[in-house]
Amino acid sequence: MGSAKIPSVFLLYVVFLVILVFKGINGQVNNWLNGHATFYGANQNPTTQGWPNIIWGLRRKIYAGPLICGACGYDNTFHAGFGVNTAAVSGTLFRSGEACGACYQVMCNYRLDPKWCLPRRIMTVTATNFCPPNNNGGWCDPPHDHFDMSMSAFFRIARQGNEGIVPVLYKRVSCKRRGGVRFTLKGQSNFNMVMISNVGGSGDVKAVWITGSNLRSWVPMHRNWGANWQSSIDLRGQKLSFKLNLVDGKTLQFSNVVPSTWKFGQTFSSQNQFS
């Protein structure tokens with residue numbers, strides 16, 4: 001009796017399983033993806049989220065930007081509800097500002113860099129800024145998935161003394177926030193701009209509507225930049241309500257969260273929060 005031949009389809013299936021195993025070892029299963037990370041310079045105040053003044057070491061490119069409100073527009077990460085565990089993210093993650101407020105779990109890939117990675121350390125960070133590309137092969141250039149983390153967050157996953165880039169594994173996670181969603185009113189007269197922060201759930205806002213106590217319908221707002229949304233109607237002297245739709249599809253209404261006595265520059269915290 002001759003030896004049985006193994007069908008070619010079965011061999012292809014075995015090869016496919018082997019590929020999956022190796023990809024899994026490299027972080028491509030269980031929603032973990034490959035990326036890289038570094039940290040803000042030591043002179044960067046983690047509570048002010050301007051374009052990061054980054055002075056990169058030998059393994060980095062050089063970028064220096066003005067300390068303004070940053071690509072998401074958060075004036076202060078404590079005021080916005082995020083604390084110091086924040087990161088500027090590359091364009092592939094930033095999505096033209098849609099990622100502002102999104103949360104990621106990040107861990108250093110110890111298998112790829114045992115010298116500088118701390119094993120089994122996981123840090124949750126909020127995307128609060130944009131790491132701009134230099135179009136010269138930098139880590140923030142497409143198609144890199146890159147996190148420029150606050151120093152305090154970075155050294156929870158990497159060893160002190162590392163001044164360069166480390167490989168990381170990352171995945172999107174739900175944001176856990178204290179208190180309700182916050183609305184900061186900006187603009188003037190019939191130009192209303194609202195910065196929305198401390199958003200739970202997926203954290204990233206896809207669509208916003210606004211209405212006043214004298215209106216009978218919802219008015220769609222448009223993303224001006226980052227976490228700032230605008231409308232062109234005069235709502236002074238009215239109670240304001242908002243409706244938010246997140247990237248994950250969840251929608252929540254915030255009725256009369258702003259009193260009729262509001263003024264530009266004020267922040268109002270709601271009682272409602274995404275889970």
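The values are calculated or read from the model by the stated rules, or taken from the named source; none is laboratory data. This is a predicted model, so every value here is computed, not measured. Reconstructed Cβ throughout: ideal geometry from the backbone, glycine too, with neighbour counts over all protein chains shown. Note: areas computed on protein heavy atoms with side chains; ligands, DNA, RNA excluded. Shrake-Rupley method; radii C 1.70, N 1.55, O 1.52, S 1.80 Å.
Take the stretch 106-132 and flag every residue that is under 30 Å from ASN76 (Cβ atoms), open to solvent by less than 50 Å² (accessible area, probe 1.4 Å) and not small (Gly, Ala, Ser).
VAL106, MET107, CYS108, LEU118, MET123, VAL125, THR126, THR128, ASN129, PHE130, CYS131, PRO132
From the list TRP225, TRP229, TRP139, exactly one residue is open to solvent by less than 50 Å² (accessible area, probe 1.4 Å) and either closer than 17 Å to TYR74 by Cα or modelled with pLDDT under 95 (or both). Which is it?
Being open to solvent by less than 50 Å² (accessible area, probe 1.4 Å) and either closer than 17 Å to TYR74 by Cα or modelled with pLDDT under 95 (or both) holds for just one of TRP225, TRP229, TRP139, which is TRP229.
Can you find a residue in the stretch 255-272 that is part of a loop (DSSP other than H, G, I, E, B) and within 22 Å of VAL84 (Cβ to Cβ)?
no
Among the residues of the stretch 220-254, which ones are of a type in the set (A, V, I, L, M) and assigned to a strand (DSSP E or B)?
Once the filter is applied, which keeps residues that are of a type in the set (A, V, I, L, M) and assigned to a strand (DSSP E or B), the stretch 220-254 yields LEU240, LEU244, LEU246, LEU252.
Residue-wise test of (1) on the phi > 0 side of the Ramachandran plot; (2) without any contact (Cβ under 8 Å) to a residue 24 or more places away in the chain; (3) part of a strand (DSSP E or B).
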position	(1), (2), (3)
ALA99	no, no, no
TYR104	no, no, yes
TYR110	no, yes, no
ASP113	no, no, no
PRO119	no, yes, no
VAL125	no, no, yes
THR128	no, no, yes
PRO132	no, no, no
GLY137	yes, no, no
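Working only within the stretch 232-275, note down all residues that are closer than 21 Å to GLY73 by Cα, within 20 Å of the chain's Cα centre (by Cα) and surrounded by fewer than 16 Cβ atoms within 10 Å (Cβ to Cβ).
ASN245
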